[in-house]
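Before any comments, here is the structure.
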Amino acid sequence: MAKQRPMVRISDVILKIARKFDIEIKLFEHTINSQWEEIVGDRIASHTRPDTISYRILTVYVDSPVWMQQLIFLKDNIVKKINEKTGRQIIKDIKFRIGDVTKDEVTENKRPDVRMEHRLLTKDDLIFADEVTKPISDDETKGRAKKAVIKYLTAKNRK
């Protein structure tokens with residue numbers, strides 16, 4: 001009888017892939033953007049828009065100097081809520097800037113109409129896809145995860 005490997009959460013596999021390709025921060029940016037209202041509340045969310053994370057500092061655009069001043073007092077609480085939401089100490093500070101706070105298509109969970117170009121898959125790509133999905137014991141889940149990894153690896157416009 002084959003030795004059964006312990007179950008591994010799909011989120012752990014995705015984070016492993018994200019770390020390998022330096023896209024982990026982009027995943028956290030997406031999480032923060034998509035859950036911003038839940039993190040800070042409706043009132044603050046209507047006057048702010050989270051942008052990017054650089055060196056564990058989140059840039060947040062604010063629509064007025066008055067709101068920016070108020071948010072400086074709430075900064076530590078917001079950092080704490082973000083880190084609780086992401087499950088990691090990903091943010092150490094927030095930098096507030098005056099700017100446009102209108103939500104774009106990506107933040108509103110709408111798919112932009114973009115067609116991706118693809119590149120040929122290499123042997124190393126297949127080996128990597130097998131390696132990162134190896135811990136998944138369920139065959140159906142493993143197959144779907146491997147497809148997702150391969151789709152990512154074949155996208156031409158990745159850095």
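Taking label points 7 Å from Cα along the Cα-to-Cβ direction, Arg97 and Asn83 give a separation of 2.4 nm. Accessible surface calculations at 1.4 Å, restricted to protein heavy atoms, place the range 7-63 at 59 Å² per residue. Charge tally around Thr133: other residues with Cβ under 11 Å, Lys/Arg +1 each, Asp/Glu -1 each, net +2. Restricting the range 1-97 to trypsin sites (Lys or Arg not before Pro) that sit in a DSSP loop and have at most 16 other Cβ atoms within 10 Å of their own Cβ leaves Lys3, Arg9, Arg56, Arg88, Lys92.
Probe radius 1.4 Å, ligands and nucleic acids ignored: give me the carbon and sulfur share of the accessible area of the range 25-94 as a rounded percent.
50 percent
Extension gain for the segment Arg56 to Lys151, taken as residue separation times 0.36 nm less the Cα-Cα distance, is 31.3 nm to one decimal. For the pair Asp138 and Leu15, a Förster radius of 30 Å applied to the C-beta separation gives a FRET efficiency near 0.95, rounded to the nearest 0.05.
The values are calculated or read from the model by the stated rules, or taken from the named source; none is laboratory data. Remember, predicted model here, so these are calculated numbers, not experimental data. Virtual Cβ from ideal backbone geometry, glycine too; neighbours counted across all protein chains shown. All accessible areas refer to the heavy atoms of the entire protein, side chains included, with ligands and DNA or RNA removed. Shrake-Rupley method; radii C 1.70, N 1.55, O 1.52, S 1.80 Å.
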